[in-house]
Structures are given as C-alpha cells and as structure tokens.
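First up is the structure itself, then whatever we jot down about it.
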Amino acid sequence: MLSTLLEFAVILGLMTGLAVLMGKWLTRVFTAPGHALMERGTYRLLGVDPQESMGWARYGSALLLSNLAMMLLGYILLRVQGSMPLNPLELVAQTPDLAFNTAASFITNTNWQAYSGETSLSNFSQMAVITFLMFVGATSGVVAAAGFIRGLSRSNATGIGNFWVDFTRILYRVMLPLCFAMALVYVWQGMPQTLYSQALATTLEGAQQQLIVGAVASFESIKHIGTNGGGFFSMNAAHPFENPTPLTNALHILSMLLIPSALTYTFGSMLLRRRQGWVFFGTFLVMFIGFLSVVYVAEQSGNPLLTQAGADQMLSSTQSGGNMEGKELRFGIADTSLFVTTTTGATTGSVNAMHDSLTPMGGFVPLAQMMLNCVFGGDGVGFINLIQYALLTVFLVGMMIGRSPEFLGKKIEAREIKLVMLSVLAHPISILGFTALAALWPDTLKSLNNIGPHGFSEVLYAYTSGTANNGSAFAGLNANTPFFNTTIGLAMLIGRFFTMLPMLAVAGSLALKKNIPAGAGTIPTATPLFMVLVVFVVLVVGGLTFLPALALGPLVEQLQLLSGQTYP
Amino acid sequence: MTTQTQIKTQPLLKGLLRPVLVSAGFFMLLTGLGYPLATTLVANVMFPHQAQGSLIERDGQVIGSALIGQQFSRPEYFQGRPSMTADQPYNAGSSGASNLGPTSQKLIDQVTQRVQAYRQLNGLAADSQVPVDAVTASASGLDPHISLANAQLQVARVARLRQLPEAELLKVVQAHTEQRTLGLLGEPRVNVLQLNLALDALHQQPLAASE
C-alpha cells in the first residue's frame with residue numbers, strides 16, 4: 001500500500017519535471033525564427049512559403065485538407081494490402097467499411113480498432129499505414145495547439161502562424177527524435193523490432209506456438225508519445241511484446257502525459273503568464289488524482305462474487321490481490337490503475353488491462369474521463385478542451401456577478417461563447433445520439449459480449465471512446481460490423497474536427513482583439529480559486545450531460561454487484 | 001512569422017493543393033517507412049536478441065520466447081494463469097481475453113470451476129481460498145508470470161512428482177522470482193517458462209534419459 005502511494009507520487013513527480021523540460025522545448029519549437037536545413041528542403045518540396053502568416057481559417061483548412069489526404073492515402077494502402085510487400089502471412093485487405101473506420105480512427109488520433117492486429121495487418125500496413133497515421137495525427141493535434149496558443153498570445157493580429165512550418169517542425173524536432181530514442185529503449189527492454197512476421201516455437205510440452213513479431217518498438221513509441229493508443233497486437237499494451245516490463249509500463253505512462261502536461265507550461269511561457277500555466281496544470285492534476293483514487297480502490301477491493309467462488313483477492317506480500325480478471329500479473333493492481341487513469345485521461349486509448357473486465361466503479365472512471373475529455377487530454381487537443389472550459393467558466397462567473405467576462409486580457413463576447421458551445425455540445429450529441437441509435441438498432445444485441453447494464457456500457461463506451469478520440473474499448477463488443485464501423489468512424493471525425501476547428505476560430509477571434517488592462521471587475525484567473533471553479537464547471541457540465549447514461553451503465557451495475565445480481 | 005505586421009493574407013484555399021498532396025506522400029515515406037526501417041536497422045545491431053523476440057533455444061531448437069507464456073498442463077510443471085486466447089490457450093498468434101464483466105455468470109462459473117480444479121490438483125482443503133491470479137484469465141492470454149503465492153502453493157505437488165525435496169524446489173522458485181523494478185514498479189512475480197526450464201535442466205543431469 002505504502003509502496004503503491006510512493007510509486008504514484010514518483011511517477012507524478014517525474015511527469016511534472018518532464019512537463020517543464022518538454023514545455024521549454026515546445027516553446028522554442030513554436031517560436032524559433034530560424035529554419036533548419038532539412039526543414040527548408042521540406043518547404044521547397046511542398047512548395048510552401050514558410051514566411052506566410054495564416055489566418056485561423058486558412059490554418060484550419062490546411063490542417064483539415066492535409067489530414068483528409070493522409071486519411072485517403074491510408075485507406076487506399078489498407079485496401080491494397082494484398083499486393084504490397086512484407087506480407088508473408090498473406091493477410092487479405094480490410095473491407096471498405098473497416099478500412100474507412102481504421103483510417104478515420106488513426107488520422108483523428110483515436111486509434112479505435114475494429115480489427116485485430118495479428119490477423120489483419122501485414123508488417124507493411126503496420127508501418128506505412130498505422131505508424132504513418134499515428135505520427136501525422138498526433139502531430140496535427142500539437143499543431144492545432146500551437147496555432148491556438150499563438151492566437152491567444154496575440155492582439156490586433158489576423159495570423160496565428162504557418163501550418164506547414166508548425167507541422168514540419170513538430171515532426172522533425174519533437175516527434176521523430178523522441179520516438180526513435182524511446183524505441184531503442186523499448187527494444188532493450190524486450191520489444192521486438194524486426195521485418196519478420198513470425199517465429200515458430202515448439203513448447204516444453206511439445207505444442208507448436210506461432211509468435212507474431214514485427215516492427216513493434218517503433219510503433220509503441222509513437223503510440224504513446226503521440227497519445228495514439230492503437231495496438232500492434234489485439235491485446236494492445238497488455239501483450240508482453242508491447243509492454244514487456246514494469247519499466248516499459250512506466251515509460252508508456254510518462255510518454256502519454258508528456259506533451260499534454262507540457263503544453264500548460266508552453267502556454268504559460270508563450271503568454272508570459274506562468275502562474276496561469278501552472279493553474280491549468282493543477283486543474284488537470286487534481287482531476288487526475290481524484291479519478292486515480294476511485295479506480296485504484298475499486299480494483300484493489302476486487303469482485304465480491306469471485307471471493308464467494310473461492311478466489312483470494314487480499315493484498316499480501318506474495319500477491320497483489322484485487323480484481324485480476326483481464327489483468328497482467330507483472331502490473332498488478334497499482335500499475336494497471338495508473339495506466340487506466342492515464343490512458344483515458346490523456347485520451348490515448350492504449351490499454352494494459354481489459355477495461356471490459358474492470359469492476360463497475362473501475363469502469364466508471366475511464367468512461368467519465370473520456371466524457372469530460374480534459375483530464376490532461378490528448379496531444380494538443382486536451383489543452384484546447386481545457387481552455388474551452390475555462391472560457392465557459394469566466395462566462396458563467398461573469399454572468400453571476402454581472403460583469404462582462406474577460407480572459408487573458410481579452411473581452412469574451414457572444415461570438416466566442418457561441419463557438420465554445422458548438423464545441424462543448426458536439427461532444428455529448430455525438431456520444432449520446434449514436435448510443436441511442438445503437439440501442440435501437442436491432443443487430444446491436446448480437447455484437448454484445450455481456451448483457452444487462454454491462455452490455456449497455458459496452459455500447460456507451462464505444463461511442464464515448466470514438467468521440468473523445470480515445471480508442472480504448474470495452475473490447476467484448478464486436479464492433480466490426482458495417483453499422484458500428486460507419487457510426488463510430490463518423491463519431492471520431494465529429495469528435496475531432498468539431499472541437500478543433502471551432503476552437504481555432506476562437507483563437508483567431510481573440511487574436512484580432514486588443515488587450516484591455518485588468519480592472520476591478522476582472523476575475524483573476526491565475527489563482528487556486530479559479531482552478532476550483534474550472535474543475536467545478538467541468539464536473540457540473542459533464543455531470544448534467546452524462547449522469548443519466550452513466551446511471552444506466554456502471555452505476556446500476558455497481559448496485560447489482562453488491563446485491564449479487566448476475567447476468568448469463 | 002512572429003509579428004503581426006507581416007500582412008500577406010492569401011485567399012482561403014489558394015496554393016494548398018500541392019502541399020496537401022505532397023505532404024501525404026512524403027510524410028508517409030518518412031514516418032511510415034524511413035523511421036521504422038531505420039529503427040529496425042539500429043535495434044538489430046544494438047539488441048539483436050530482443051529485436052527478434054527474445055527467443056529461447058534448447059538443443060538448437062526454439063522453444064519459445066522469454067516474454068510469452070505457454071500452456072502447461074502436465075502436473076510436473078508449474079502452471080501458468082488461465083488463458084482465453086482463440087482456439088487454444090496461450091495462442092500467441094491471436095492474443096485475447098475473456099472480456100467478461102464483473103456481473104457475468106459465465107465469469108463466476110469459470111472461476112468456480114478453476115478454483116475446484118486448482119484445489120484438487122494441489123491437494124488443498126475444500127474451503128481454502130485460491131490466489132486470484134491462478135483462477136482469473138490474463139489480459140493478453142499470454143501472461144508469462146504467476147504470483148509468489150500461486151507458485152508456493154504448487155511447490156508441494158511439483159516436488160512430489162519430480163522427487164525433489166521441497167526446500168530445494170523453493171530455492172529454485174526463489175532464484176526465479178523477479179522483484180519490483182527499482183523496488184517500486186510492478187509486482188513480484190515468477191516467470192513460469194523459465195522456472196520450468198530450470199526444473200528440466202535440474203532433472204536432466206541425474207536422469208539424462210527421461211524427456
């Protein structure tokens with residue numbers, strides 16, 4: 001118990017230190033005037049002028065269109081897998097609906113997977129489609145944050161930066177070098193990195209075992225640093241080849257939190273409002289610790305029905321105890337709880353345990369975090385989501401005290417709040433709308449692995465994960481049907497672009513305004529009080545929106561578990 | 001680029017077609033082929049054993065990976081955790097879990113059955129509590145480890161069947177126990193395949209002919 005608390009403290013301490021280092025690095029990447037040689041070559045190849053300053057609409061269009069082209073390229077490569085190299089197992093191409101779902105999933109940084117990696121993708125596809133889309137999807141998120149923060153930092157300006165410059169720099173100066181170095185650490189720890197597809201073994205008892213291998217380490221590093229989350233293998237970061245040791249598990253966790261936490265620091269240093277940056281960091285951290293406690297206590301307490309069946313779930317010096325169904329022994333309860341909280345907070349979607357088999361309250365946490373979508377959040381977009389709630393907070397507080405709201409020295413007016421509300425509302429409309437549709441869809445029952453409230457949770461989880469661009473699953477759900485592939489694919493695109501683009505518009509609109517000096521009626525936003533207010537607004541807005549759905553899923557399931565009700 | 005004085009506003013979409021198309025192709029080649037291939041090259045020079053899957057050989061034959069569990073059904077071997085992979089347990093060609101929720105009767109029935117089988121195999125009392133990892137399926141279906149509690153309960157059986165003193169066997173188990181990394185990360189655990197390999201090696205010296 002004590003060692004668990006110490007472990008949590010050490011990991012969160014390391015994360016804070018890394019946030020500062022990475023935050024400084026990102027600030028330089030976002031603001032340095034000079035272009036490196038390789039970058040200048042890239043601009044020439046692309047045919048772009050790095051000196052051009054783009055307004056938010058052009059910046060957003062470049063992001064949207066380039067992402068569309070990349071998604072299309074990924075789709076095509078998936079559809080012609082059969083005639084591509086590095087496919088010794090002769091895996092066939094994905095169907096059109098599945099390939100759409102996969103391409104949409106990886107370009108939006110969701111990485112929901114309706115296929116299983118071992119039996120569906122060749123080594124070529126794992127690299128040229130999945131690894132590629134993970135890089136550009138994650139980079140696009142950070143690019144959006146760069147434009148967004150720059151917009152907030154300017155006044156009387158129309159430009160929020162140059163999309164191509166931001167994209168190229170973030171890729172060359174952050175993503176590629178970090179991922180390369182991390183991949184080598186991962187191989188040292190035991191992850192395969194090879195162009196072979198399999199190794200055949202004869203086990204001690206004489207059975208044949210087919211070991212699937214491939215370019216796993218290079219895949220894993222971008223998967224976590226990019227808060228992507230899709231697995232090389234079906235069982236994702238629970239698979240020993242994707243997460244061989246407790247050390248790789250800790251590195252996965254730190255990688256996922258790296259950029260989302262660092263952006264609060266970058267924001268603070270670019271706006272010369274460091275205290276404000278730390279207030280946002282604190283907002284993330286407070287919610288994170290709250291959710292971590294819930295999932296850890298729930299999983300360590302275990303499943304009372306399994307105790308009745310004769311399983312010993314008590315923590316002792318010789319076992320971790322707790323609810324071990326769908327968990328790996330090397331991680332036990334503590335490392336699994338930390339991973340669950342991180343992957344759904346930082347909306348990565350990588351899993352080191354099967355969320356479908358979590359206790360009801362343990363499963364409540366990932367659902368709730370994805371619904372709030374701003375407990376660190378994904379690379380770039382998490383920070384944007386938090387600012388969206390901060391704007392809502394100054395607006396609500398301003399209304400309560402009868403003052404016109406201000407934020408970061410700018411007046412917040414009708415246009416900004418309308419855009420914020422568009423973004424805030426797109427999220428629940430997609431989640432709840434599609435869940436309702438699926439609940440009515442006659443074939444849904446056939447896709448469920450569990451029935452009763454847990455079955456409902458499987459569906460709710462799927463659309464929440466898709467819309468929040470998380471990608472983790474209550475994986476019992478068979479989502480590889482044309483209905484689920486299409487609707488979840490749409491949910492991912494809506495969740496990505498209906499928050500990113502309106503918020504870029506907000507940044508563009510704030511950049512146009514002039515700075516006004518803080519007056520007596522200005523609500524100070526760089527204070528612990530404001531932090532509490534933002535957390536309050538996030539929880540109230542999230543609670544009001546999603547509580548009814550959660551009540552039908554994990555909450556009623558918890559009550560039934562306590563009363564011993566089971567489902568066939 | 002950092003000053004707002006440089007007003008050089010372009011029409012919304014002018015000139016975007018070429019960079020949009022070229023960026024998709026170029027960054028695919030760079031991040032989808034260049035990066036993984038370069039990593040593969042360097043990794044295989046620096047860590048060839050791990051890069052190929054940490055394969056273990058015995059008498060020139062690959063018998064598995066140090067990281068991937070395998071099925072043990074013979075009672076003279078330590079047994080791993082239940083596995084729910086497709087077709088057969090510990091199918092490393094298709095990792096998988098039960099994905100059963102906590103109120104699933106199927107899950108409760110499976111655990112009840114495994115508890116009884118475990119008690120019987122190891123000669124435990126009918127009301128004894130069995131370590132949870134021994135009766136629940138892992139997430140990957142390929143979990144190579146068991147808990148110390150689980151290993152200790154299997155010692156008596158394996159010692160009897162292999163005609164070894166229990167104390168000696170306990171020492172072997174201890175030698176194959178991995179502690180928390182840096183005293184902090186993960187859980188203490190026993191790698192079942194490596195433990196069983198050590199047991200076979202122990203046997204082979206005095207009883208060269210068997211197996």
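When the residues of segment A:525-536 are narrowed to those that are of a type outside the set (S, T, N, Q) and either in contact with a His (Cβ under 6 Å, 6 or more places away or on another chain) or more than 22 Å from residue A:151 (Cβ to Cβ) (or both), which ends up surrounded by the most Cβ atoms within 10 Å (Cβ to Cβ)?
Just the residues of segment A:525-536 that are of a type outside the set (S, T, N, Q), to begin with: A:526, A:528-536.
Next, from what is left, pick out any that are either in contact with a His (Cβ under 6 Å, 6 or more places away or on another chain) or more than 22 Å from residue A:151 (Cβ to Cβ) (or both): A:528-529, A:531-533, A:535-536.
On the way: A:528: 11, A:529: 11, A:531: 22, A:532: 13, A:533: 20, A:535: 19, A:536: 12.
Checking each candidate, the answer is A:531.
In segment B:113-132, is there at least one residue being more than 9 Å from chain A (Cβ to nearest Cβ) and touching a strand residue (DSSP E or B) at 6+ places or on another chain (Cβ under 8 Å)? The answer is yes, given that some residue of segment B:113-132 is more than 9 Å from chain A (Cβ to nearest Cβ) and touching a strand residue (DSSP E or B) at 6+ places or on another chain (Cβ under 8 Å). Would you say residue A:37 is more than 13 Å from chain B (Cβ to nearest Cβ), more than 20 Å from residue A:123 (Cα to Cα) and free of Cβ contacts under 8 Å to residues at least 40 places away in the same chain? Yes. Check A:30, A:100, A:106 and return the single one that is more than 14 Å from chain B (Cβ to nearest Cβ) and crowded, with 17+ Cβ neighbours inside 10 Å. Matching residue, one of A:30, A:100, A:106: A:100.
I'm trying to understand the selection: among the residues of segment A:445-461, which are assigned to a helix (DSSP H, G or I) and either within 18 Å of residue A:431 (Cβ to Cβ) or in contact (Cβ under 8 Å) with a residue 40 or more places away in the chain (or both)?
Taking segment A:445-461 as the starting set, the residues that turn out to be assigned to a helix (DSSP H, G or I) are A:445-447, A:453-461.
A:447, A:453, A:454, A:455, A:456, A:457, A:458, A:459, A:460, A:461 - these are the residues of segment A:445-461 that are assigned to a helix (DSSP H, G or I) and either within 18 Å of residue A:431 (Cβ to Cβ) or in contact (Cβ under 8 Å) with a residue 40 or more places away in the chain (or both).
This table checks each residue for (1) under 25 Å from residue A:374 (Cα atoms); (2) modelled with pLDDT of 95 or more; (3) in a helix (DSSP H, G or I); (4) among the charged types (D, E, K, R).
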| site | (1), (2), (3), (4) |
| --- | --- |
| A:546 | yes, yes, yes, no |
| A:549 | yes, yes, yes, no |
| A:552 | yes, yes, yes, no |
| A:560 | no, yes, yes, no |
| A:564 | no, no, no, no |
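Mind listing whichever residues of segment A:200-223 are assigned to a strand (DSSP E or B) and over 19 Å from residue A:182 (Cβ atoms)? Within segment A:200-223, A:200, A:201, A:202, A:208, A:209, A:210, A:211, A:212 qualify.
Scanning segment A:138-179 for residues that are among the polar types (S, T, N, Q) and in a helix (DSSP H, G or I) yields a total of 4.
Being farther than 24 Å from residue A:478 by Cβ, more than 10 Å from every other protein chain (Cβ to nearest Cβ) and part of a loop (DSSP other than H, G, I, E, B) is a property that holds for residue A:85. Among the residues of segment A:418-427, those identified as surrounded by fewer than 19 Cβ atoms within 10 Å (Cβ to Cβ) and either closer than 16 Å to residue A:397 by Cα or more than 20 Å from the chain's Cα centre (by Cα) (or both) are A:418, A:421, A:422. Restricting A:375, A:365 to residues that are part of a helix (DSSP H, G or I) and β-branched (Val, Ile, Thr) narrows the list to A:365. Please work out if residue A:406 is surrounded by fewer than 21 Cβ atoms within 10 Å (Cβ to Cβ) and charged (D, E, K, R). Against the criterion (surrounded by fewer than 21 Cβ atoms within 10 Å (Cβ to Cβ) and charged (D, E, K, R)), residue A:406 qualifies. The requirement of being out of contact with any Asp or Glu (no Cβ under 8 Å at 6 or more places or on another chain) and surrounded by 24 or more Cβ atoms within 10 Å (Cβ to Cβ) is not satisfied by residue A:216. Mind checking whether some residue in segment B:67-79 is aliphatic (A, V, I, L, M) and either in a strand (DSSP E or B) or within 8 Å of chain A (Cβ to nearest Cβ) (or both)? Yes - at least one qualifying residue is present in segment B:67-79. Just one residue in the set B:160, B:180, B:119, B:114 is of a type in the set (D, E, K, R), surrounded by fewer than 22 Cβ atoms within 10 Å (Cβ to Cβ) and closer than 15 Å to residue B:76 by Cβ; that residue is B:160. If you filter segment B:162-194 down to residues that are in a loop (DSSP other than H, G, I, E, B) and over 22 Å from residue A:339 (Cβ atoms), you find that the one that is farthest from the other protein chains (Cβ to nearest Cβ) is B:165.
Let's see how each residue does on (1) out of contact with any strand residue (DSSP E or B) (no Cβ under 6 Å at 6 or more places or on another chain); (2) without any contact (Cβ under 8 Å) to a residue 40 or more places away in the chain; (3) buried (at least 18 other Cβ atoms within 10 Å of the Cβ):
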site	(1), (2), (3)
A:52	yes, no, yes
A:62	yes, no, yes
A:66	yes, no, yes
A:77	yes, no, yes
A:85	yes, yes, no
A:94	yes, yes, yes
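Of all the residues in segment B:66-78, those that are of a type outside the set (Val, Ile, Thr), in contact (Cβ under 8 Å) with a residue 24 or more places away in the chain and under 24 Å from residue A:234 (Cα atoms) number 5. Residue A:195 - would you say it is surrounded by fewer than 22 Cβ atoms within 10 Å (Cβ to Cβ) and part of a loop (DSSP other than H, G, I, E, B)? Yes; evaluated as a whole, the condition is true for this residue.
Count of segment A:130-161 residues, restricted to those that are closer than 17 Å to residue A:74 by Cβ, at the interface with another protein chain (Cβ under 7 Å from one of its Cβ atoms) and out of contact with any helix residue (DSSP H, G or I) (no Cβ under 6 Å at 6 or more places or on another chain), is 0. Taking the conditions exactly as written (away from every other protein chain (no Cβ under 13 Å) and under 21 Å from residue A:149 (Cβ atoms)), does residue A:277 satisfy them or not? When the stated conditions are applied, residue A:277 passes them. I'd like the full set of residues that are assigned to a loop (DSSP other than H, G, I, E, B) and of a type in the set (Ser, Thr, Tyr), limited to segment B:112-129. If the condition is that a residue be assigned to a loop (DSSP other than H, G, I, E, B) and of a type in the set (Ser, Thr, Tyr), then B:128 is the only one that fits.
Only one of the numbered conditions (1) assigned to a loop (DSSP other than H, G, I, E, B); (2) surrounded by 22 or more Cβ atoms within 10 Å (Cβ to Cβ) is violated by residue B:89, and that is (2).
The values are calculated or read from the model by the stated rules, or taken from the named source; none is laboratory data. Keep in mind that what you see is a predicted model, and the values were worked out from it rather than measured. Note that we place each Cβ from the backbone using ideal geometry, even for glycine, and neighbour counts take in every protein chain shown.
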